[in-house]
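Worksheet for the structure shown next.
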Amino acid sequence: MIVAHPNSLAEAIQYLSDHPQAKIVAGGTDLIPRLNQKLEEQTELCYVFGYPEMHGIRKTEDGGIFIGASELLANLNQHCAIADYTAIWQAASRVASPQIRNQGTIGGNILQENRCMFFNNHVPWSDVNHCLKWGGDRCYQARKSPDCLALFQSDVAPALIAYDAHCVISAPEGVRKTPVFDLYGRWGRNNKNLAHNEILVGIELPPLQANERSAYVRKALRGSFDFPLTGSAIRLQIQDGIVTESRVIFGAAGTKPVPFKGVDAFLNGKSVDALPDIAKTLEKEVGKFFFPFQDTHVNGAARKKMGFEVFVKSVEACLEIR
Ligand SMILES: Cc1cc2nc3c(=O)[nH]c(=O)nc-3n(C[C@@H](O)[C@@H](O)[C@H](O)COP(=O)(O)OP(=O)(O)OC[C@H]3O[C@@H](n4cnc5c(N)ncnc54)[C@H](O)[C@@H]3O)c2cc1C
Ligand code: SF4
């Protein structure tokens, strides 16, 4: 295995352009276990860490915040500027364990591979028919699906999307910016809209609005370690006790973060005091946004139920911080 560590961001982009088979590695907490389990074959890695452009958490000219892609998740939790973006702070603090948060980066978190028990528990050298993600001809998760539906389980991405965060991406042609939501394609494999020689440099958060509140709540088998089974990021604008804008993004609900379309019709114009009761009436609506994905811990029906539970709790958590 070749592991290159170019001297600068520009050299890293050049290296990736010259070595189309090389794959970016940052903290390695997502990629290295996949390589160890032989879920992916790589002979060349390009280590992107230590470049000044990709570090730091600082104010932007418009009053927002820039988070370098190489910032460790643990650093997000120690920064007072992130604490004001409550849902993002909460999501970063819920990821995995302290060990992983001290090694994993925010960039790697939102670019982590989608997961599925039929793929991740797979024995690559066995003779069984491989699924689509392995280059086989079928999906075991959803027999009729034309493509892979593996689950995207980043905790932080839904919270970033709730805040309309943008990615700053360095490419051979220069720097481009794109909404975090647009980073993800439709299916559960090869679904990051990032060219091989593009590097995520950082994430920009817009300035905080007056009277806004947010929260992120997730459910996991072991809260202190496991991937989320479901997650809900909520962001509300409130004027004189009345909701004026609402946004909810579900995590571990599908192949990418899933917006609760139409949530404004239920929450906008309502008194904050009425929200917890309104949220409890939305089980059917919320269930529509959670793909009935089965894994070793829960079946599809349970996932929908848990999706509803985290939604209700995220509404309550959002209102607790007054
Ligand atoms: C036991 C365990 C539990 C976990 N639990 C959770 C959890 O609860 N919630 C959660 O959200 N995640 C969880 N994770 C996933 C965890 O790996 C990520 O959260 C972590 O942040 C990944 O960051 P990294 O720097 O280690 O990524 P890496 O492994 O280095 O990279 C991940 C992917 O991103 C790409 N990449 C990384 N940085 C860049 C960049 N700057 N530009 C372009 N591409 C890049 C890499 O090529 C790779 O494909 C868990 C992982 C483990 C092993
Ligand atoms: S969703 Fe289907 S194609 Fe994708 S990894 Fe799972 S079984 Fe394979």
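The values are calculated or read from the model by the stated rules, or taken from the named source; none is laboratory data. Bear in mind the structure is a predicted one, so any value in this text is a computation, not a measurement. FYI the Cβ positions are ideal-geometry reconstructions off the backbone, even for glycines, and counts take in every protein chain you see. Protein only, heavy atoms only, side chains kept; ligands, DNA and RNA dropped before computing areas. Shrake-Rupley method; radii C 1.70, N 1.55, O 1.52, S 1.80 Å.
I need the calculated FRET efficiency for the pair ASP127 and ALA171, taking r as the beta carbon distance and R₀ as 41 Å, to the nearest 0.05. It would help to have the intermediate numbers written out before the result.
Values: r = 42 Å, r/R0 = 1.02.
Working from the Cβ atoms, E equals 0.45.
What is the antiparallel percent of DSSP beta bridges lying wholly in the stretch 2-205, to the nearest 5? Before the final figure, lay out the partial values.
On the way: 21 of 28 bridges.
Given both bridge residues lie in the stretch 2-205, the antiparallel proportion sits at roughly 75 percent.
Quick check: from the Cα gyration tensor, does the stretch 2-205 come out rounded (a/c under 1.5), prolate or oblate?
Prolate, since a/c reaches 1.5 and a/b exceeds b/c.
Between THR43 and ASP182, what length comes free when the chain is fully extended (0.36 nm per residue of separation minus the Cα-Cα distance, one decimal in nm)? Walk me through the numbers on the way to the answer.
Details: separation 139, 0.36 × 139 = 50.04 nm, distance 2.92 nm.
Contour length minus Cα-Cα distance gives 47.1 nm.
Assuming R0 = 35 Å, what is the FRET efficiency of ALA302 and ALA10, from their Cβ-Cβ distance, to the nearest 0.05?
Details: r = 48 Å, r/R0 = 1.38.
Approximately 0.15, to the nearest 0.05.
Just flag the GluC sites (Glu not before Pro) in the stretch 32-75 sitting in loop per DSSP whose Cβ has no more than 16 other Cβ atoms within 10 Å. The partial results should precede the final answer.
Working: sites: GLU40, GLU41, GLU44, GLU53, GLU61, GLU71; in loops: GLU40, GLU41, GLU61, GLU71.
Answer by residue number: GLU40, GLU41, GLU61.
Could you report the accessible area of TYR216 in Å², rounded to 10, computed with a 1.4 Å probe on the protein chains as they sit in the structure?
0
In deg cm²/dmol and to the nearest 500, what is the mean residue ellipticity at 222 nm of the chain if only DSSP H runs of at least 4 residues count, each as -39500 (n - 2.57), divided by the residue total? Could you put the intermediate results ahead of the total?
Numbers: 13 runs with 90 residues, N = 322.
When only DSSP H runs of four or more count, the value is -7000 deg cm²/dmol.
Please say if the stretch 1-120 is rounded, prolate or oblate, where rounded means a/c under 1.5 for a ≥ b ≥ c the square roots of the C-alpha gyration tensor eigenvalues, and otherwise the choice is prolate for a/b larger than b/c and oblate otherwise?
Numbers: a/c = 2.52, a/b = 1.31, b/c = 1.93.
In terms of gyration-tensor shape, oblate.
Whole percent per 5 Å bin, from 0 to the bin with the longest distance: what is P(r) over all C-alpha pairs of the stretch 144-260?
2, 11, 18, 18, 19, 15, 10, 5, 2, 0
What's the extension gain from MET117 to SER97 if we count 0.36 nm per residue and subtract their Cα-Cα distance?
Fully extending the segment from MET117 to SER97 adds 5.1 nm.
For the stretch 282-322 and the stretch 209-234, what is the separation of their Cα centres, given in Å?
Computed from Cα coordinates, the inter-centre distance equals 11 Å.
Measuring from label point to label point, each 7 Å out along Cα→Cβ, what is the ILE32 to THR281 span in nm?
5.2
Distance from the Cα centre of the stretch 69-91 to that of the stretch 21-64, in angstrom?
Using only Cα atoms to place each centre, the spacing works out to 18 Å.
At a Förster distance of 51 Å, what's the computed FRET efficiency of THR60 paired with ASP137, Cβ-Cβ distance as r, to 0.05? Mind dumping the intermediate values first?
Values: r = 48 Å, r/R0 = 0.94.
That pair, THR60 with ASP137, gives E of 0.60.
Leaving out ligands, DNA and RNA, and with a 1.4 Å probe, what % of the accessible surface on the chain is carbon or sulfur?
Working: 7560 of 14610 Å².
Roughly 52 percent, rounded to a whole number.
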